[in-house]
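What follows is calculated from the coordinates using simple rules that are stated; it is not laboratory data. Predicted, not measured: the structure shown is a model, and the values here were computed from it. Glycine gets a Cβ as well: all are built from the backbone with ideal geometry, and neighbour counts include every protein chain shown.
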Amino acid sequence: MQDLNQLKAEILDAAAAAASVEALESVRVDALGKKGKVTSLMKGLGQLDAEERKTAGQRLNALKDEIAGAIEARKAELADAEIDARLLHERVDVTLPPRPEAEGRIHPISQTIDEVVQIFGEMGFAVAEGPDIEDDFHNFTALNMPPEHPARQMHDTFYLPEKADGERMLLRTHTSPVQIRAMQVQEPPIRILVPGRTYRCDSDMTHTPMFHQFEGLVIDETTHMGHLKGCLIEFCRAYFEVDDVPARFRPSHFPFTEPSAEMDIGCSREGGELRIGAGDDWLEILGCGMVHPNVLEACGVDSNKYQGFAFGMGVERVAMLKYGIPDLRTFFDADIRWLHHYGFVPLDLPALVSGLSR
Ligand code: PHE
């Protein structure tokens, strides 16, 4: 029975050395299969006499069980190793940033609105909105532009067909009617920012019939021109992401503010390239002023008690200045290549803490 021990050692070594489930299976077939070495020894038992058959049979059975057990154990080992290898191979680093190349883009107008809302949001302004289709009272009369007021002519208004009662609605020519709507429903203090579409019958290199504006309105008992200046200078610093932005306020005229001003910011145009910040040139960016007492009174706000400021600016204009977009009309061409070039990755939301535009 010397060779039985040797056979056992050979088979167990082969099982231990099998590097795959397939290799292990052929070790099993070799030993325990129909024509396997152990199987043929068992078949030979019949030639032995009864006493010998009993001991030899017991030994062979024990050998068979031992081999089968060893093969099962090795099989489990191989299966574990296979899972480990797969886990290693299929490992995903969940801390990696999301797929960098999202297909869609945020339009520069949406991006600019988000940025401006962020900045004024930090200053405590709430976003307010109003209808695109306005009545004459909110767009003009309540803003201190009674019928026949000459300033009405400057607005190139789109009118809707006359209604049964003779009233003609219009497409709002600025976001200022939302000042009126806010003051009609809300007690001061009021601090709102109004992004929205505006319409004027005008179309050339620098005008499109539909464009966007921001309106700002602050009404309380103490707000004065100094607050207006501080607020808008701070806005320009944050929006253009430049610490040193010189600003000047030029006297101007709007029927709904008194005094009225236009705000210019410093820039340089060296080498044909526009740069916002200290320079020897000025760029007009918005209109503003202290809300006219007539406007407060038209909304039922006591002008002896309350005062405040308002401002309005063009969204496309500040987007063009910040992002170097040369032609206004391209904003509305819906050209996918333009959008890919000037648009923003949707997952990069503008925030003051992380940088508005990255
Ligand atoms: N509504 C003015 C315009 O469209 C801008 C403006 C708003 C000016 C508020 C002063 C105060 O030109």
Rounded to the nearest Å, what's the spacing between the alpha carbon centres of region 1-70 and region 104-162? Just the number, please. 92
Along each principal axis, Cα extent of region 205-279, largest first, Å: 47, 34, 21
Please tell me the relative contact order of the chain in percent, rounded to the nearest whole number, where contacts are Cα pairs under 8 Å and at least six residues apart. 16
What GluC sites (Glu not before Pro) does region 252-314 have in DSSP loop regions with at most 11 other beta carbons within 10 Å? 273
Just going by the charge dipole of the chain, with Lys and Arg at +1 and Asp and Glu at -1 on Cβ, which of 5, 321, 292 is farthest out on the positive end? 5
Provide, for q = 0.11, 0.17, 0.19, 0.21 Å⁻¹, the log10 of I(q)/I(0) from a solvent-free Debye sum over equal Cα point scatterers in region 240-358. -0.56, -1.01, -1.10, -1.17
In bins 10 Å wide, starting from 0, what share of all Cα pairs of the chain does each bin hold, as a percent? 5, 18, 21, 14, 6, 4, 4, 6, 7, 8, 6, 3, 1, 0
Run the helix sum for the chain: -39,500 (n - 2.57) per DSSP H stretch of 4+ residues, divided by residue count, reported at 222 nm to the nearest 500 deg cm²/dmol. -12500 deg cm²/dmol
Taking the Cα of residue 248, stepping 7 Å toward and past its beta carbon, and measuring to each backbone N in region 261-304: which are under 19 Å? 261-270, 275-289
